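Asker: Just dropping this structure here.
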Amino acid sequence: MLAIWYFTSNGLLAPVLEHLGAGKDYRYTSELKAIPLYFGIVATVLGVWHWLGQHKEGGFDFYSSSIAGGMFILLITMLVRWFIAPEIAVLSIGLGEVGDTGKHIHELLGLNYVVLGIVAGIIIVNVFKVPVWAKNGVRLSRLGLKTGVILLGALYSAAELKNLGGLSIIMIGFFVLGSVGIVLWIGARRNIPNSMGGVLSAGMGVCGVSATVAVAPVVQAKPVEIAYTIGTILIWGVACMFLFPIIGNLLNMSYVQFGAWAGTGILNSAQVAGAALAYQPDGIETLMVAEIFNITRVLILPIIVLWLAMWYVKREGNATTQVNVGHVVLAKFPVFVLGFILMFALSTTGVFAPANHYQGKYFGNTVEQGFKLENLLQAEQIAILKADANKIQNADYREAYNRLIKNNKIMSIADDTVVRGLINAKTLSPDANKILASAHQSVRHTAKKIDNFRQWITWLFAFGLVGLGMQITVGSMKQAGGEPAIIGGVVGFIKAALSLVVVMLLVSETV
Amino acid sequence: MEKDKIQSFDRGSALSIFSSDRKEDLIALALAFILALVIYLID
């Protein structure tokens, strides 16, 4: 890491970065000049301490040993994000666009740093093996993903969460309950044990591995049935993580559509995040949508546990032993979801950005709020707007438009929404549209703290996903098989296909 | 003696270094709020 920082700071990497920029400015220069330095110092200090220090076997020694592995994952993430993914993009651009899609191969296949990082992790663990000193760090990947999800709570405004929350409750409610019901129905027809059907239905319906583990004691699942279910989820989830972004690109799905689809159709939380970031590697709007769906699904877990407990007792009758369902629900409830809600609540107080922010940008039309006086509309711009005024039919829209003309700037969030609507509707002349766009830009300000949250979240997810790749072994996927794999495959496919249709037909709103 | 040593700290599972999901969740919670505090104080 220190070598990367040193070579970048001294300009020795300049020709490489110019090549990777492919005719444009290389986009990660600022990251290269800071991140490897900070983490390089941390890695070196801890490395020296581990190497030369006296260590007593125990809890502290064990937990601190994971940091070396964490740095190993981070180094792989850096190499993929800064060098390997850009090089593949350069090669792909060199090959030209694919047919009349207007996209290059790497864009269509989603070969960005997220996907390539996961692939690098899979190759390392299955071909080269993770070094012994780094093994504990690989087991930190879930911690990285959970921390990222909690921080994500700071990025939503109340309006965004309200819009997405309503949509996600309807879709997730339908698809989760539907998948659980279908697995139980098919399972009964194919005569698989009730314990197997119960645990598989939770895994396929709710949120993969966590749900499987939570439901297992309620339906008295045997270890081999849990292993079958986790293997099935893993194979299906990994396939979805790579296939969903390709399909999304082919269908030109919007970020909201893709996020809603991934959050509904993919089984495991980590793979939902992987697919969302693979679809939009340089922004987190898709991830924000997908995670709302994912969190809604996790929150349904207690309902599923209760349902399956009643179902199991009804089918097994006296054969069941007493299981305290309430205790299971409490013990297995994922507390990190509460952290997400807490972070959102904290964010709505306005500590990180004005509460009315929209995707990290907030409205402000006074100098104190960040508005620049040179952005007031000039006489000639006002003349162009006046000439187009009669093209606006709606009375409310025309009022907002006239307020802009009168004050030389947008006067409220509501007016700004109208202006955005007018820009998108393209009813005015291109010149007038350009003026409206600039008036809109001048009252929208970036919240710096939100930007910093985005940076941390991106790196935490990238770290978690490369680590996740290092946990995908051929051996763990081989656990899947027999009836559970067939039922899981059928239900997984139905859920993915149906949710795609529903999303394409019904979801069009923006975050 | 060996039994005491095993009980003194847990080496977690194949997926996590922590002894339980609940512990991992709580550590993630603490880490996230520390990071949020850092972001709040620095900017």
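The values are calculated or read from the model by the stated rules, or taken from the named source; none is laboratory data. Everything numeric here is computed off the predicted structure, so don't read it as measured data. Glycine also receives a Cβ, built like all others from the backbone with ideal geometry; neighbour counts cover every protein chain displayed. Each accessible area value is taken on the protein alone, full model and side chains, heavy atoms only, with ligands, DNA and RNA left out. Shrake-Rupley method; radii C 1.70, N 1.55, O 1.52, S 1.80 Å.
Asker: Restricting attention to segment A:64-88, and to residues there that are among the hydroxyl-bearing types (Ser, Thr, Tyr) and surrounded by 17 or more Cβ atoms within 10 Å (Cβ to Cβ), which single residue is modelled with the lowest pLDDT? Reasoning before the result, please.
Answerer: So in segment A:64-88, the residues among the hydroxyl-bearing types (Ser, Thr, Tyr) come out as A:64-66, A:77.
From the residues that got through so far, the ones that are surrounded by 17 or more Cβ atoms within 10 Å (Cβ to Cβ) too are A:65-66, A:77.
Working: A:Ser65: 79, A:Ser66: 85, A:Thr77: 93.
Per the criteria, the residue is A:Ser65.
Asker: Using the structure shown, decide if A:Val491 is out of contact with any strand residue (DSSP E or B) (no Cβ under 6 Å at 6 or more places or on another chain), in the same structural domain as A:Leu167 (by TED's automatic domain parsing), closer than 22 Å to A:Ala290 by Cβ and at pLDDT 90 or above.
Answerer: Working: out of contact with any strand residue (DSSP E or B) (no Cβ under 6 Å at 6 or more places or on another chain): yes; in the same structural domain as A:Leu167 (by TED's automatic domain parsing): yes; closer than 22 Å to A:Ala290 by Cβ: yes; at pLDDT 90 or above: no.
So A:Val491 fails the test.
Asker: State yes or no: is A:Ile247 part of a helix (DSSP H, G or I), modelled with pLDDT of 90 or more and among the β-branched types (Val, Ile, Thr)?
Answerer: Details: part of a helix (DSSP H, G or I): yes; modelled with pLDDT of 90 or more: yes; among the β-branched types (Val, Ile, Thr): yes.
Yes.
Asker: Please pick out the residue among A:Ala202, A:Ala154 that is part of a helix (DSSP H, G or I) and within 14 Å of another protein chain (Cβ to nearest Cβ). Before the answer, list the steps.
Answerer: Details: A:Ala202 fails: within 14 Å of another protein chain (Cβ to nearest Cβ).
Within the list A:Ala202, A:Ala154, the selection yields A:Ala154.
Asker: Looking at A:Val503, A:Val474, A:Val490 in this structure, which one is open to solvent by less than 20 Å² (accessible area, probe 1.4 Å) and hydrophobic (A, V, I, L, M, F, W, C)?
Answerer: Numbers: A:Val474 fails: open to solvent by less than 20 Å² (accessible area, probe 1.4 Å); A:Val490 fails: open to solvent by less than 20 Å² (accessible area, probe 1.4 Å).
Exactly one of A:Val503, A:Val474, A:Val490 is open to solvent by less than 20 Å² (accessible area, probe 1.4 Å) and hydrophobic (A, V, I, L, M, F, W, C), namely A:Val503.
Asker: Now for a separate question. Can you pull out every residue in segment A:204-229 that is under 16 Å from A:Met477 (Cβ atoms) and surrounded by fewer than 22 Cβ atoms within 10 Å (Cβ to Cβ)?
Answerer: A:Val209, A:Val224, A:Ile226, A:Ala227
Asker: Here's something else I'd like to know. Can you tell me which residue within segment A:198-243, out of those that are within 20 Å of the chain's Cα centre (by Cα) and free of Cβ contacts under 8 Å to residues at least 40 places away in the same chain, is nearest to A:Ile487 (Cα to Cα)?
Answerer: Only one residue fits best here, namely A:Gly237.
Asker: Tell me which residues, restricted to segment A:310-325, are at pLDDT 75 or above and open to solvent by 60 Å² or more (accessible area, probe 1.4 Å). Before you say what the answer is, go through the steps one by one.
Answerer: Looking only at segment A:310-325, we keep the residues that are at pLDDT 75 or above, and these are A:310-315.
Those that are at pLDDT 75 or above and open to solvent by 60 Å² or more (accessible area, probe 1.4 Å): A:Met310, A:Val313, A:Lys314, A:Arg315.
Asker: Are any residues in segment A:426-471 open to solvent by 20 Å² or more (accessible area, probe 1.4 Å) and not in a helix (DSSP H, G or I), and if so, which ones?
Answerer: If the condition is that a residue be open to solvent by 20 Å² or more (accessible area, probe 1.4 Å) and not in a helix (DSSP H, G or I), then A:Lys426, A:Thr427, A:Ser429, A:Arg444, A:His445, A:Thr446, A:Gln471 are the ones that fit.
Asker: Residues A:Ala158, A:Ala154: which one is open to solvent by 40 Å² or more (accessible area, probe 1.4 Å) and not polar (S, T, N, Q)?
Answerer: Numbers: A:Ala154 fails: open to solvent by 40 Å² or more (accessible area, probe 1.4 Å).
Matching residue, one of A:Ala158, A:Ala154: A:Ala158.
Asker: In this structure, is A:Ala34 closer than 30 Å to A:Leu143 by Cα, surrounded by 11 or more Cβ atoms within 10 Å (Cβ to Cβ) and within 14 Å of chain B (Cβ to nearest Cβ)? Show your work before the answer.
Answerer: Working: closer than 30 Å to A:Leu143 by Cα: yes; surrounded by 11 or more Cβ atoms within 10 Å (Cβ to Cβ): yes; within 14 Å of chain B (Cβ to nearest Cβ): yes.
Considered against the rule, which asks whether it is closer than 30 Å to A:Leu143 by Cα, surrounded by 11 or more Cβ atoms within 10 Å (Cβ to Cβ) and within 14 Å of chain B (Cβ to nearest Cβ), A:Ala34 comes out as yes.
Asker: Report, ordered by the first and then the second residue, all pairs with beta carbons closer than 7 Å, sequence separation of six or more or different chains, a first member in segment B:21-43 that is within 17 Å of A:Met343 (Cβ to Cβ), and a second member that is of a type outside the set (Lys, Arg) and open to solvent by 70 Å² or more (accessible area, probe 1.4 Å).
Answerer: Filtered contacts from segment B:21-43: B:Leu35/A:Trp456.
Asker: Here is a further query. Is there a residue being over 29 Å from B:Asp25 (Cβ atoms) and more than 14 Å from chain B (Cβ to nearest Cβ) anywhere in segment A:114-121?
Answerer: Our first condition is that a residue be over 29 Å from B:Asp25 (Cβ atoms); within segment A:114-121, this holds for A:116.
Narrowing further to those that are more than 14 Å from chain B (Cβ to nearest Cβ): A:116.
Within segment A:114-121, one or more residues are over 29 Å from B:Asp25 (Cβ atoms) and more than 14 Å from chain B (Cβ to nearest Cβ).
Asker: Under the condition of being under 22 Å from A:Arg81 (Cβ atoms) and among the aliphatic types (A, V, I, L, M), which residue from segment A:47-69 is farthest from the other protein chains (Cβ to nearest Cβ)?
Answerer: My answer is A:Ala68.
Asker: Do you know which of the residues in segment A:375-431 that are charged (D, E, K, R) and either in contact (Cβ under 8 Å) with a residue 40 or more places away in the chain or touching a Cys at 6+ places or on another chain (Cβ under 9 Å) (or both) is farthest from A:Tyr362 (Cα to Cα)? Steps first, answer last, please.
Answerer: Going residue by residue through segment A:375-431, those that are charged (D, E, K, R) are A:380, A:386, A:388, A:391, A:396, A:398-399, A:403, A:406, A:409, A:415-416, A:420, A:426, A:431.
From what is left, the residues that are either in contact (Cβ under 8 Å) with a residue 40 or more places away in the chain or touching a Cys at 6+ places or on another chain (Cβ under 9 Å) (or both) are A:388, A:409, A:416, A:431.
Working: A:Asp388: 28, A:Lys409: 15, A:Asp416: 11, A:Asp431: 25 Å.
That would be A:Asp388.
Asker: Hey, another quick one. Taking the conditions exactly as written (over 30 Å from A:Phe62 (Cβ atoms), part of a helix (DSSP H, G or I) and of a type in the set (A, V, I, L, M, F, W, C)), does A:Ile169 satisfy them or not? Don't jump to the end; show me each part of the working.
Answerer: Details: over 30 Å from A:Phe62 (Cβ atoms): yes; part of a helix (DSSP H, G or I): yes; of a type in the set (A, V, I, L, M, F, W, C): yes.
So A:Ile169 passes the test.
Asker: Just to be sure, is B:Asp4 open to solvent by 90 Å² or more (accessible area, probe 1.4 Å) and at pLDDT below 85?
Answerer: Numbers: open to solvent by 90 Å² or more (accessible area, probe 1.4 Å): yes; at pLDDT below 85: yes.
Yes; evaluated as a whole, the condition is true for this residue.
Asker: Could you tell me which numbered condition A:Gln369 fails, if it satisfies all but one of (1) in contact with a strand residue (DSSP E or B) (Cβ under 8 Å, 6 or more places away or on another chain); (2) surrounded by 13 or more Cβ atoms within 10 Å (Cβ to Cβ)?
Answerer: (2)
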